[in-house]
Amino acid sequence: MYRKLTKAIIPVAGLGTRFLPATKAIPKEMLTVVDKPLIQYIVHEAAQAGITDIILITHSSKNAIENHFDTHYELESKLLESAKHDRLDAIADITPPGVNLISIRQPEALGLGHAILCASHVVAPDEPFAVLLPDVLMYHPQQGCLAQMAEYYKQVHTSVVALEQVPSDQVDKYGIAAVKDADLRIVDLVEKPTPEEAPSNLSVVGRYIFTPRLMQLLKSTKPGKGGEIQLTDAMADLLNEQVMFGFEFKGGKSYDCGDKQGFLEANVEYALRDPQLGSSFHTYLSSLDLTELKPKKSK
Ligand code: UTP
């Protein structure tokens, strides 16, 4: 039965080890791209798709995320007193209007599938839900990736998974989907295959809309690779029962900010697009002598 999509799960309980030492005391999701933490972009992408309840799956070390979306009375009254209206504006819509944020602790980092399962008591048994991975930034000047997927979900009434082409020699870094037909019906999912094993070069990119059945299947998903409860395993079970479509994000660009290179690329490109910074940052980048700037040999 079709139900409107209003809930999204954002798992933020991982330890972010690829960004150490930066993420020792600061959540990875609070690292900034230009002037906003990653998580703020993700929450706004969800809101644009019509999501009204965002469930953060979190950890005791991640309180800064909840604080970021909470009111800071002292700061607001100081800015108001000193008539710093532009700075007030910068914090006014951190939580998009009409959006509730719900935090649930994941007691142990037992995998992405387990993190999603931690939200099972706030997603009704007949309710679809979205999942957004916060380290993937999806830039679009108008309609974000999840909003595009939500439109498609309204037509197909079944699970929709964002897919993206990756170079064939890099398939071993991603979950890869085997698809059939022009409508990208997913027939198989392979976690980090070798280029020889890979059924395609379409990788799963961190945006999903699932039918309620996925949550039920997660409840019986056994620990898989690395002893973790893997989302991919529950998705493979879902494929045996229901149609699942791949979806290629149109007119935008994704950045893998869970990785240093992708994070730096996002910062450079978001800064170049920024209405205030873009022009001077462009001048600065054009002035760089790249022959001078080379990695220093480590001792
Ligand atoms: P990652 O595999 O990127 O893990 O998880 P990580 O810990 O964030 O980062 P690295 O690899 O150590 O640098 C993908 C997403 O799933 C969440 C993470 O927070 C991230 O958003 N996750 C993963 C959980 O919430 N709980 C888990 O048990 C595992």
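Remarks
- Measuring nothing but alpha carbons in region 116-270 and taking Rh as the Kirkwood radius, the Rg to Rh ratio lands at 0.95.
- Calculated FRET efficiency, Asp183 to His85, Cβ-Cβ distance, R0 = 41 Å: about 0.25 to the nearest 0.05.
- Beta bridges per DSSP with both ends in the chain, % antiparallel, nearest 5: 55 percent
- GNM result for the chain, Cα springs below 10 Å: residue of His157, His68, His121 fluctuating most strongly: His121
- Most mobile of Gly251, Gly226, Gly16 in a GNM of the chain (Cα contacts under 10 Å): Gly226
- Amide hydrogen proximity for Tyr174: with H placed 1.01 Å from N in the peptide plane, the residues at 5 or more positions away or on another chain lying under 5 Å are Lys192.
- Reach of Lys219 by Cα under 14 Å, taken over aspartates and glutamates that are not fewer than 8 positions away in the same chain: Glu228, Asp233, Asp237
- If you wrap the tightest convex hull around every Cα atom of the chain and split its volume per residue, you get 179 Å³.
- 25 Å Cα-Cα reach of Lys173 towards lysines, excluding residues that sit fewer than 8 places from it in its own chain: Lys24, Lys28, Lys192, Lys222, Lys225, Lys250, Lys253, Lys260
- Within the listed set Gln148, Gln276, Gln216, the residue fluctuating most in the Gaussian network model of the chain (springs between alpha-carbon atoms under 10 angstrom) is Gln276.
Here, each number is a calculation from the coordinates, and none is a lab measurement. Predicted, not measured: the structure shown is a model, and the values here were computed from it. A quick note on method: Cβ atoms are made from the backbone with ideal geometry, for glycine too, and the neighbour counts reach across all protein chains shown.
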